[in-house]
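Quick notes on the structure that follows.
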Amino acid sequence: MRPFVYARPATVAEAVGLLAIHGSEARLLAGGTDLVIGLRDDSARPRVVVDLKRIPELGPGIRLVGDRLVIGARTVMADIAADPVVRRHWIALAEAADVVGSVQIRNRATLAGNICHGSPAADTAPPLLVYDATVVVAGPDGTRRLAIDDFIVGPHRTALGLGELVTAIELPVPEPPVGAAYTRLTRRHGTDLASVTLCGSVDRAGVTRLAYGSVGPRARLVIDRTGLLADPTADDAAKAPILDAMFAEASPSPRSMRAGPAYRLAMLRVLGARAIRTAIERLGEG
Amino acid sequence: MTDTLERLDAIEAAAIDAPTDHLSIEVTVNGRRRRLDVAVHHTLLDVLRDDLGLTGTKECCDVGECGACTVLVDGRAMNACLILAVEADGAVVTTVEGLADDGRLSALQAAFLDAGAVQCGFCIPGQLMAARALLDREPDPTVADVHAALAGNLCRCAGYEQITEAVLAAAEAER
Amino acid sequence: MSAGRVGSSSRRVGGVDRVTGRQTYVADVRLDDVLEARLVSLDCARARIVAIDTSEARRVPGVRFVMTAADLPQPVPRFGPQFQDRPVIATGETTYHGEPVAAVAAETKDAAEAAARLVRVEYEELPAVSTLAAALDPAAPLVQDPSLRPGDPLATTNVLREHRYGWGDVDAATADLVVEGSYAFPMITHFAIEPHGFLAAPDGDGIVCWSSIQHPYLLQKMLARILGLPLARVRVIAPDPGGGFGGKQNPKLEPLVAFMALRLGRPVRLILTLDQTFQAVRRTSTEVRVRSGFRRDGTLVFQDIAADYLIGAYADIADRVVSKGSYPACGPYRVPAARIVARAILSNTTPATAFRGFGNPQVNWAVESTLDEGARRLGLDPVEVRLRNLARPGEAFIPGDTPADGDWAEAVRRAAERIGWRAPLPAGHGRGLALGIKSGPTTGLSYSTVRLLADGSVVVYAGTSDMGQGARTVFAQIAADELGAPLEWVTVVMGDTAVVPYDQQTSASRSTVLMGNAVLAACRDVQSQLRSMAARIHEVDPEAIAVEHGVVRLPDREAPILEVLKAGLGRLGGELIGNGESRKEDEPGHPLNGRPAFYELNCTAVEASVDPGTGEVTIHRHVTVSDVGRAINPLQVRMQDEGAAIMGLGHTLMEHVILDETGRIRNLGAIDYRIPTSLDLPGELVSDMVENADGPGPYGAKGMSEGALLCVAPAVAAAVHQAAGVVIHDLPLAPERVWQALQELRAGPPAEAEAAAEPEAVGAGGVR
């Protein structure tokens, strides 16, 4: 690893200050499961590494505040996956958090870090899109909130500006209630990076929200309001054309080592149908 | 705010001059409080093996995929190769060397031997630490629980069946 | 079975250190004054080295030396177990992705890394061949300069060697059915969890070298030759490898580290990263074409096999892999006429080396799959077809060679029974069964010394490498049993050429048999000395005394050996020293230089299903039965067989090294090279063994540990075919490949497509 300077701010304001001074030469360190790999393979060459873990304001914590779930930036995947409140109302997020790497990775990797690293294959992006999450950002000009769909810009690119960092992620309690499921395509049953990520939710009003990733520069959210996808009595043949239309924007890379484009496009449909079926079942179970 | 900026300037000035940033940290390793002067770019794995001579924790993939470097940090199983040593300042770390009780094998270690879970042995420290973390939070795990908890520990000798038996036997012995 | 005795599942000797973290692997060796080394290599498959500028690198504080080819004796020494083709460091040209061109030695790892980054190599990338087709193209660039192979007519091609075996007249044979097919086996890498590591230090006027090498005495010999030292001044210390599987058999970077240490007068340590280890070793990959002729009743008329093995830029032991792996390609069957043509073909890729199975899994994949196809087309039960063709005990299934040395039909019957071959098949499931055979060691030499100490405790010296297979425990059990000592009173000393007598190597599943016999012979030597001692003390004819299993049988009573020992050693004390030798001579007329000492025979049966939506294969049940002669330690046998079975599932379902068009490895490292984890296990894994004490080793043992890997792929492919109707000739059977085959099947002629259409399975198809 190339040497760097290590900073350990005690407040969000200090962290913002460091980022504002050093700009792109500073990198934030939360769980480190992406950054430390980057430091070793030289894809990350910061002058300053800013460790966020001494900042109490950043959590970790999972709290229901009124009609929103607030997840502190330092919250790790293992805790999200195990949290009973998350599992009750946002099961797809828990499912996604539960497959990010191994137990060892999940004890370090943070939700905030996952979306800031911005891999198109990030497991948590589709559920956050489906659940309409909001990203809370602190910066030199104060705090702002962005919809997750606006926060994710492209591969490893977010809407964070100079001096900004994520302080929390908020999810509204789904209203009306939804049934949702997360699924993905991997090369083995064991821990793996996903070749296709999918999250689907259905509600009693017949709205189906489907978010998918790893088949283009960023995860995408598409919504079907016809009610057909959410209909438990409709068969696969009837749903297929709607799904096809929803996946029209998918553009898997032809150069990927993990899966070929034709396979990924086909699996979007196969797994998409399965995710929706599970979501419908879960909605039925209440 | 002015204080903060001054402090930041001071950190800045001090840090940028030093070719290798060092920090003095305090970490409890296997029950012993240690004060160490570490380079900030050295990982916990580096420091355990090279600075403390605790070579029981192994180095393999360096990307957090194989689990050979698994240690407990504040009771949780983590890959030491992905933790900068400075991040462990103030933490309680347990390595495989910390499992035996006064030179006597723990029930978990004995179970690994009795079940034939140990072949070349290189993955075993990591497996033991991941198993320790599992049993600490789930004293009565199912086979599926064990498989999931140890999924981040690769074994090329593929002694998974025996490792699973060992963890279940240890769970029973500890109950 | 009392603890420690042969046949008991004693706790692994050396196990305690492994569970306490005290086990010293090569990277754990602590030396004073050691320099850290780092390698420099190019990011391409083949290049001409124009110039190497080390000036900036040498200025990094703490750097002591930056070695390139120019710093070595000229011409740069070359080495290799079969052909001396590999230079100590890249010379003039790099020939595979990752071949080192320079090495830095520095006081710290940080300094070495920083300096390695500053070595500037000016190079010109050259066209490289990394596939069989490319290497065989008449216009292909040559991987090796013809001057490396003087007098060899093949030196102007990339074919290193061609081997021809066979008997009878294949072309004259008439068959009721001829099945023909071509099968590919991908590039696989060993991925032992311990990366390779090497240390060297000057030792007086000699050298000591630490390496996780499986063949310490081979390394000793090679270093002695290259360094111009007598053997007695070259000491190899071989810590237990953290997994070898063949990848650590032969020297790789020890000569480089040795030169650095001697030049600098200080110890030098080089521990490879996992990525560098992937670039250093792999299995040979193959394309095998099989034509099998059958009679209507399923018996074989002929086998016509053409196996092309893609080896790397340097031969390492890969040509031996080709010859030994293809020699028994016909399988454990009665075959009236056979023709086997096997070629070792050079390429600008990682040097292929020994890997568990040693060239057999690759042809087995093709030949067993063809057997299955024959059975299907004849409408016969594949198990029946195996049994009808299977060689009977004592039958010379390879004419003039070691006959079938086991009741192999028993292995088949047990596997079929444990898989439930005749039981009704759940919907969507399929079953497959296959046989694998591998020749054991064809030549060999092992010495052992056993010391019976004054208190009855025992020291065993055995030069075998214990890389997890449990050799140490096997030898300890033999000595404990023979000399009546508790297992805890037996110490086994391995891994030091200065102290332990010669052992040829650890490979070919040879050690229980060859070294085991040497240990046994050394114990018998001690027993013979005890007998003389007892005869002297009791004034009895030695012929009237027997010594066995810790007991001295005198004419009138039995005495524990300790009693005789104490009386015999007398006031001066001392010990008894026994020596044993186990030797299997070369047979120069034999294609493999010797007949196999035994065969490893395994029968594998699996039950699997296929997710018709995703192509994912789920193994519900995996049965593996090996013919082992006698299990010295049944638990260890089970561990090895189950481990080999799962490793076989690796190359069957998920592993392959991916190269780009220029020959660079794309999936270096653990993230994109997938091996089985605890979540990838079969729903049920059952192992069993056939023990008829019919092996040449101690107590009738044979070698084992490779068998259970040999035929996993064809067994799974047969199950996949029955479950989903697809026939696949390429490995791995990754979900995408199976899905592709399903698509092609469904798109086929209407009648086939209808038959293949399945209702979509509900659920994602987990392993349990």
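A short reminder: the numbers here are calculations on the coordinates, not readings from a lab. Quick caveat: nothing in here was measured; it's all calculated off a predicted structure. Here the Cβ is made from the backbone with ideal geometry for all residues, glycine too, and neighbour counts use every protein chain on show.
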Checklist entry - Roughly speaking, what is the centre-to-centre gap between region C:48-114 and region C:217-235 when only Cα atoms are used, to the nearest Å? => result 21 Å
Item to check | Approximate spin-label separation C:Asp586-A:Thr143, in nm, with each point projected 7 Å along Cα-to-Cβ | outcome: 8.2 nm
Next on the checklist: Considering the Cα positions of chain C, please state its Rg to one decimal place and its Dmax as a whole number of Å.
Outcome noted: 27.4, 93
Checklist entry - How long is the gain from C:Ala70 to C:Leu387 if the chain were fully straight, where each residue apart is worth 0.36 nm and the alpha carbon distance is subtracted? => result 108.0 nm
Checklist outcome for this item: Under 5 Å from the placed amide H of B:Ala91, counting only residues 5+ away or on other chains, we find B:Thr28
Checklist entry - Roughly how many nanometres apart are two label points built 7 Å out from the Cα toward the Cβ at C:Arg557 and B:Asp145? => result 5.8 nm
Checklist outcome for this item: Between the Cα axis of helix B:2-17 and the main Cα principal axis of chain B, the angle (0 to 90°, nearest 10) is 80 degrees
Checklist entry - From the Cα gyration tensor of region A:179-285, with a ≥ b ≥ c the square roots of its eigenvalues, which class applies: rounded if a/c is under 1.5, or else prolate if a/b is larger than b/c, or else oblate? => result prolate
Checklist outcome for this item: Cβ density ranking, 10 Å radius, fewest first, applied to A:Met257, A:Met1, B:Met78 yields A:Met257, A:Met1, B:Met78
Checklist entry - In nanometres, what is the gap between the two model label sites at C:Gln743 and A:Arg2, each 7 Å from Cα along Cα-to-Cβ? => result 4.2 nm
Checklist entry - How big is Rg to Rh over the protein assembly as shown, alpha-carbon atoms, Rh as the Kirkwood inverse-mean-distance radius? => result 0.97
Checklist entry - What residues have an amide H closer than 5 Å to that of C:Asp203, excluding those fewer than 5 places away on the same chain, when H is modeled at 1.01 Å from N in the peptide plane? => result C:Val208
Checklist outcome for this item: Row for region C:1-92, column shape: gyration tensor on C-alpha, a ≥ b ≥ c, rounded if a/c < 1.5 i.e. under 1.5, prolate if a/b over b/c, else oblate; value prolate
Checklist entry - Of C:Gly374, C:Leu310, C:Ile537, which is farthest on the positive side of the dipole of chain C, counting Cα position, with +1 on Lys and Arg Cβ, -1 on Asp and Glu Cβ, and the Cα centre as origin? => result C:Ile537
Checklist outcome for this item: Put in order of increasing Cβ neighbours within 10 Å, starting from the fewest, C:His656, A:His189, C:His651, A:His156 give A:His156, C:His656, A:His189, C:His651
Checklist outcome for this item: Cα-based Debye curve of region A:60-172 sampled at q = 0.09, 0.10, 0.15, 0.19 Å⁻¹ gives log₁₀ I(q)/I(0) of -0.20, -0.25, -0.57, -0.94
Item to check | Packing-based ranking, highest mean first, of C:692-704, C:461-473 given that Cβ atoms within 10 Å are counted | outcome: C:461-473, C:692-704
Checklist entry - Which one of B:Ala85, B:Thr43, B:Val73 is farthest out on the positive end of the charge dipole of region B:15-98, using unit charges on Cβ (Lys, Arg +1; Asp, Glu -1) and the Cα centre as origin? => result B:Val73
Next on the checklist: With +1 assigned to the C-beta of every Lys and Arg and -1 to the C-beta of every Asp and Glu, and no other charges, what is the dipole magnitude of the protein assembly as shown about the Cα centre in debye, to the nearest 20?
Outcome noted: 800 debye
Item to check | Projected area, mean over directions - region C:586-641, Cα convex hull, nm² | outcome: 6.7 nm²
Item to check | In order through region C:584-595: 3J(HN,Hα) via Karplus (6.51 cos²θ - 1.76 cosθ + 1.60), integer Hz, x for Gly, Pro | outcome: 10, 6, 4, 10, x, x, 7, x, 9, 6, x, 6
Checklist entry - So what are the ³J(HN,Hα) numbers for region C:627-638, from phi and the Karplus equation (6.51, -1.76, 1.60; θ = phi - 60°), rounded to whole Hz, Gly and Pro as x? => result 8, 10, x, 8, 8, 4, 9, x, 5, 5, 4, 4
Checklist entry - With a 10 Å Cβ neighbour count serving as the proxy for reagent exposure, in which order, fewest first, do A:Glu95, B:Glu65 appear? => result A:Glu95, B:Glu65
Next on the checklist: Could you tell me the calculated FRET efficiency between C:Val178 and C:Arg225, based on Cβ-Cβ distance and R0 = 56 angstrom, to the nearest 0.05?
Outcome noted: 0.65
Next on the checklist: If you average 1/r across every pair of different Cα atoms in region B:28-159 and take the reciprocal, what Kirkwood value do you get, in Å?
Outcome noted: 15.0 Å
Checklist entry - Dipole of region C:435-594, Cα-centred, from +1 at each Lys and Arg C-beta and -1 at each Asp and Glu C-beta, to the nearest 20 debye? => result 160 debye
Next on the checklist: With 16 Å as the cut-off, how large is the P(r) tail for region C:414-486, expressed as percent of Cα-Cα pairs?
Outcome noted: 70 percent
Item to check | Over region C:614-658, volume per residue of the alpha carbon convex hull, in Å³ | outcome: 91 Å³
Checklist outcome for this item: Quick shape check on region B:46-109: root eigenvalues a ≥ b ≥ c of the Cα gyration tensor, a/c under 1.5 is rounded, otherwise prolate if a/b tops b/c, else oblate, and it reads prolate
Checklist entry - Once the Cα gyration tensor of region C:286-402 is found, what semi-axes does its equivalent ellipsoid get, as square roots of 5 times the eigenvalues, in whole Å, sorted largest first? => result 28, 15, 11
Next on the checklist: Test of understanding: extend the Cα→C-beta vector of C:Ala693 to 7 Å, then name every residue of region C:607-649 with backbone N under 19 Å from that spot.
Outcome noted: C:627-635
Checklist outcome for this item: In debye to the nearest 20, the charge dipole size for region A:179-285, taken about the Cα centre with +1 at each Lys and Arg Cβ and -1 at each Asp and Glu Cβ, equals 500 debye
